[in-house]
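Asks: Take a look at the following structure, please.
Readers should treat all values here as calculations from the given coordinates under stated rules, not as data from a laboratory. The shown structure was predicted, so the numbers you read here are calculated from the model rather than taken from an experiment. Reconstructed Cβ throughout: ideal geometry from the backbone, glycine too, with neighbour counts over all protein chains shown.
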Amino acid sequence: MSRKNKDGMIEPVVSAEALAAQSADPYASMLSRFHAASDRLGLSPDEREVLSRPSEIHIAYLPVAMDDGSVRVFEAYRVIHSRALGPGKGGIRYAAEVNMREVMALAAWMTWKCAVVNIPYGGAKGGITCEPKKMSVGELERLTRAYTRAMSDVFGPDKDIPAPDMGTSAREMAWIVDEYSRLHRGNYIPAVVTGKPLELGGSKGRVEATGRGVTTVILQALQRMDRRPEGLTAAVQGFGNVGSITAKYLSQNGIRVVAISDKTGGFYNENGILIHQAIQYRDAHSGFLEGFKGGDRISNEELLTLGVDILVPAALEDQITPQNAPHIKAWLIAEGANGPTMAEADPILQDKGITVIPDILANAGGVIVSYYEWVQNRRGHYYTETEVQDRADHTIKQAFDDVFTRAAAQKVSLREAAYLIAVERTVRALRMHGRY
Ligand code: GLU
């Protein structure tokens, strides 16, 4: 569709649906924040061009023998956004909704995340469109090994280092390190992947790392605001690794988690949900909370607008929208998920005076411990849990201070400050690499 403007030039008319489709695109949300930071930092058009696109996209169609004797072909991606600051780093997502635009956005967010917390990695992400909870262990193993073979020239301890993300865990990482090592004549190469089981060179504290980091930044923010955690209430959207562990740590710190949810729906209990019970229930019911008796049923949408102090979106992208943002009552949001807030919702939250600890800082605890896992693998020397936690706490607190200080100095939101730091560090490295 198009129309003529006052100068007689043809210009496109963007329909409401097209706009909505555009804004529900996580890559568009990522780009709009990147461009805002680039404007302030004065990036050249060339630098923008390089960083606004992924550097590599690998797609593979993986035939997998299913248990019933049929063969199914799965679409799989690995996107490297940037290697300016180090090898590609980022998880692998197994989910029905996985698509390339999403993986592109997630890869770019890894670049900004690693840069903002100052660990020597670039950004990457993988994804396979599949329904892991409906697949057998054997099918998942064959799928993961096929993916590793397809990406054997992409992955590497100095090239691109995968890790768990939604729908994957230490189990899949074990298959990856095994398959990758077989492909390399049996040389054991644990540093090719992080988030491994402890027995295979994983790090103590990796499983809890993201939720622990989310809690740490929430406590840091409260301290800056002169608020004590005791007696505050929180709602946590998403009950996977990040949501459930964040909920556990928040309640251990005296914050009453009154609502939790997963994709089957949510639960509200004004006295606080018993998180260990919810975790037990989920683990005994194929990973879902459906049927949990610890609270009244609410929808995911209701959870987001509850009258709580703290909101932790720890599920999918694009949950906080321009439509629901005006109704959010929490005054502190910590983004456990990647990209849970649409770019168009940012100014609404800001006008309401809500403090948002952005994803690239709030959920960086996972990749920080991944970095220490990789360091341990390369040194062949392993840290105690306390050593890992001390290092990780120090790293994320330093990043929090950097972001907070920058936000105050430039009078911008924490998200804008985090992007300014991340894009600045990345572009400086890009310049040092020289011309291409
Ligand atoms: N998937 C996690 C994230 O989004 C962890 C990535 C990693 O450890 O490399 O940050």
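Asks: Stokes-Einstein at 20 °C, 1.002 mPa s, Kirkwood radius from Cα pairs: D for region 333-408 in µm² s⁻¹?
Replies: 151 µm²/s
Asks: Roughly how large, in nm² to one decimal, is the mean projection of the convex hull of the alpha-carbon atoms in region 289-390?
Replies: 9.0 nm²
Asks: Sequence-distant or interchain residues sharing an amide H contact under 5 Å with Gln237, placed H: which?
Replies: For Gln237, the qualifying residues are Val312, Ala314.
Asks: Only Cα pairs within less than 10 Å get springs; with that Gaussian network setup on the chain, which residue of Ala60, Ala362, Ala235 has the largest fluctuation?
Replies: With Cα springs under 10 Å in the chain, the top fluctuation among Ala60, Ala362, Ala235 is at Ala60.
Asks: Taking one equal scatterer on every alpha-carbon of the chain, how large is log10 of I(q)/I(0) by Debye at q = 0.07 1/Å?
Replies: -0.33
Asks: Further question: By counting other Cβ atoms within 10 Å of each Cβ, how are Leu106, Leu183, Leu414 ranked from fewest to most?
Replies: By the 10 Å Cβ count, ascending, the order reads Leu183, Leu414, Leu106.
Asks: Please state the charge dipole magnitude for the chain, taken about the Cα centre, from unit charges on C-beta atoms (+1 on K and R, -1 on D and E), reported in debye and rounded to the nearest 20.
Replies: 860 debye
Asks: Using the number of other C-beta atoms within 10 angstrom as an exposure proxy, rank Glu49, Glu416 with the fewest first.
Replies: Going from least to most buried by this count: Glu49, Glu416.
Asks: Continuing with this model, one more query. Would you mind giving the average projected area, over all directions, of the Cα convex hull of region 224-369 in nm² with one decimal?
Replies: Convex hull of Cα atoms, orientation-averaged projection: 8.4 nm².
Asks: Continuing with this model, one more query. What are the ³J(HN,Hα) couplings of region 313-327, residue after residue, when phi is run through the Karplus curve with 6.51, -1.76, 1.60 and θ = phi - 60°? Round to Hz, x for glycine and proline.
Replies: Each residue of region 313-327 in turn: x, 10, 10, 10, 6, 6, 8, 9, 10, x, 6, 8, 3, x, 9 Hz.
Asks: Related question: Using the number of other C-beta atoms within 10 angstrom as an exposure proxy, rank Ser203, Ser251, Ser370, Ser244 with the fewest first.
Replies: Ser251, Ser244, Ser203, Ser370
Asks: With springs connecting C-alpha atoms under 10 Å apart, model the chain as a Gaussian network and identify which of Tyr383, Tyr121, Tyr249 has the largest mean-square fluctuation.
Replies: Among Tyr383, Tyr121, Tyr249, the largest mean-square fluctuation in the Gaussian network model of the chain belongs to Tyr383.
Asks: Grab the Cα-Cα distance for Ile59 and Arg171, subtract it from 0.36 nm times how many residues apart they are, and report the gain in nm with one decimal.
Replies: 38.0 nm
Asks: Only bridges whose two residues both fall in the chain count here: according to DSSP, what percent of them are antiparallel, nearest 5?
Replies: 55 percent
Asks: A follow-up question, please. For Lys329, which aspartates and glutamates qualify as cross-link partners when the Cα separation must be under 16 Å and same-chain residues fewer than eight apart are set aside?
Replies: Partners within reach: Glu270, Glu301, Glu302, Asp309, Asp346, Asp351.
Asks: Right, another one. May I ask you to order 94-103, 210-219 by the average number of other C-beta atoms within 10 Å around their residues, highest value first?
Replies: Order by mean packing, descending: 210-219, 94-103.
Asks: DSSP loop (so not H, G, I, E, B), at most 16 other Cβ within 10 Å: list which trypsin sites (Lys or Arg not before Pro) in region 342-436 pass both filters.
Replies: Lys352, Lys411, Arg435
Asks: Let me ask you something else. What is the ratio of the Cα radius of gyration of region 252-300 to 2.2 N^0.38 Å, where N is its residue count, to two decimals?
Replies: 1.06
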